[in-house]
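Beneath this line is the structure, given in structure tokens, with notes to follow.
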Amino acid sequence: MTDAPKPAARVLTLPPASGQTKLLVVLLHGVGASADSFLPIARALAPAVPDAEFAVLEGLHPFDGATQGRQWFSLQGITEQNRPARVRQAGTEVSAWLDGALAQRGLGPERVVLLGFSQGAILAQWLALHRQPSPLAVVSLSGRLAEDAPAVPGSTSVPVLLVHGTRDPVIASRFSEEAAKELEARGAHVRLKLFPALAHGVDAAVLEEVQHFLADTLPPG
């Protein structure tokens, strides 16, 4: 028996404005989307981190809910009970890609910032807890925590920004509120921002919040 082939990775990148890559910012899109659809988010945020290469990683699997788009894990038959295992598998795949991408750029394994939206945000939260060493920072937009292990105090100290619209019809904002408590219980430094007029999306106010968080969190140089 041979090992199953690893999923191919497609990634769109923006070079650092400063000309020198000192860290890697990786963006993870939502289910059914693509790297192309999320590239404008990278373009909007790139000026805030001039020493970073921005990489929009495309979902490693074809979206099984339509003929187009990509996904990190399947939603077919998903339940509260089986979601954590699916997220764990997807997170392991993405973490392996991160290892290779960082090594390729000559960066240390901690020199990464993760930003995810919706299903990508679920992955970003998982990686905040399980990737070692921890990322420099994690941003979750309209996500939730899918974790079936009890909280271990001090298991991570990563700074995490959770952003959610209270009018979100896809993933209720209460999931980010619950995630904030769970992540803090594990030692993460959490900033939670709820937008009363926002549904399931990213607008200018969200981007501004992310820019402030990155400026406050990332070490200079």
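The values are calculated or read from the model by the stated rules, or taken from the named source; none is laboratory data. Every value quoted in this text rests on a predicted model; they were computed, and no experiment measured them. Backbone-built Cβ (ideal geometry, glycine too); neighbour counts: all protein chains shown. Just the protein is used for accessible areas: all its heavy atoms, side chains included, with ligands, DNA and RNA removed. Shrake-Rupley method; radii C 1.70, N 1.55, O 1.52, S 1.80 Å.
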Can you pull out every residue in segment 171-214 that is under 21 Å from residue 33 (Cβ atoms) and of a type in the set (S, T, N, Q)?
173, 176
Can you name the strands (runs of 3 or more DSSP E) wholly within segment 119-221 that have at least 3 residues being under 24 Å from residue 93 (Cα atoms) and open to solvent by less than 70 Å² (accessible area, probe 1.4 Å)?
137-141, 159-165
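Yes or no, residue by residue, for (1) under 21 Å from residue 109 (Cα atoms); (2) open to solvent by 10 Å² or more (accessible area, probe 1.4 Å); (3) among the charged types (D, E, K, R):
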| position | (1), (2), (3) |
| --- | --- |
| 19 | yes, yes, no |
| 24 | yes, no, no |
| 34 | no, yes, no |
| 40 | no, yes, no |
| 46 | yes, yes, no |
If you take the residues in segment 128-145 that are among the polar types (S, T, N, Q) and closer than 17 Å to residue 41 by Cβ, which one is nearest to the chain's Cα centre (by Cα)?
140
Out of all the residues in segment 62-89, which are within 24 Å of residue 102 (Cα to Cα) and surrounded by fewer than 15 Cβ atoms within 10 Å (Cβ to Cβ)?
89
Here the residues within segment 82-101 that are assigned to a loop (DSSP other than H, G, I, E, B) and touching a residue at least 24 places away in the same chain (Cβ under 8 Å) are none
For residue 17, are the conditions met, namely being in contact with a helix residue (DSSP H, G or I) (Cβ under 7 Å, 6 or more places away or on another chain) and assigned to a helix (DSSP H, G or I)?
no
